[in-house]
């Protein structure tokens with residue numbers, strides 16, 4: 001799987017935030033995460049990434065979130081509700097991954113996320129989709 005920093009699209013980066021649990025790439029209206037191998041991702045970690053998005057974009061802009069699942073990791077089951085309950089600021093959500101664990105996580109995430117979750121096997125296709133969603137949201141605003 002391709003890493004964000006290796007893509008031609010990376011030249012459009014606004015900011016990169018590295019946390020102990022993973023790296024978040026912030027573009028205009030687009031956030032792409034790459035979690036570290038074996039991380040158990042919980043709500044306290046998610047709050048750090050969300051706070052960074054608010055600092056970079058402001059709190060009122062629609063956000064496309066792409067989870068680039070280059071590594072295996074897990075979302076802390078007891079935090080799923082907290083995480084998804086507070087994801088109302090996410091307008092669009094996509095998952096890029098090919099692992100069996102990625103598919104299993106996606107099935108569970110769909111139970112909690114009210115909007116649809118798009119699934120991709122190629123990060124560049126996910127970015128194209130995300131940019132189209134951002135353009136559509138701007139037209140409606």
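The values are calculated or read from the model by the stated rules, or taken from the named source; none is laboratory data. In this text the structure is predicted, and so the values were computed from the model without any measurement. Here the Cβ is made from the backbone with ideal geometry for all residues, glycine too, and neighbour counts use every protein chain on show.
Okay, here's what the table says:
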quantity: Pick from the stretch 73-99, criterion crowded, with 16+ Cβ neighbours inside 10 Å and assigned to a loop (DSSP other than H, G, I, E, B), ranking: modelled with the lowest pLDDT; calculated: 87
quantity: Leading residue by the ranking (modelled with the lowest pLDDT) among those in the stretch 52-72 that are more than 20 Å from residue 125 (Cα to Cα) and either within 14 Å of the chain's Cα centre (by Cα) or surrounded by 13 or more Cβ atoms within 10 Å (Cβ to Cβ) (or both); calculated: 61
quantity: Positions within the stretch 52-65 being under 13 Å from residue 134 (Cα atoms) and touching a residue at least 40 places away in the same chain (Cβ under 8 Å), in sequence order; calculated: 62, 64
quantity: The stretch 7-24, subset closer than 16 Å to residue 134 by Cα and free of Cβ contacts under 8 Å to residues at least 40 places away in the same chain, residue surrounded by the fewest Cβ atoms within 10 Å (Cβ to Cβ); calculated: 12
quantity: Count of residues meeting criterion [assigned to a loop (DSSP other than H, G, I, E, B) and either under 16 Å from residue 67 (Cβ atoms) or at pLDDT below 95 (or both)] in the stretch 1-47; calculated: 12
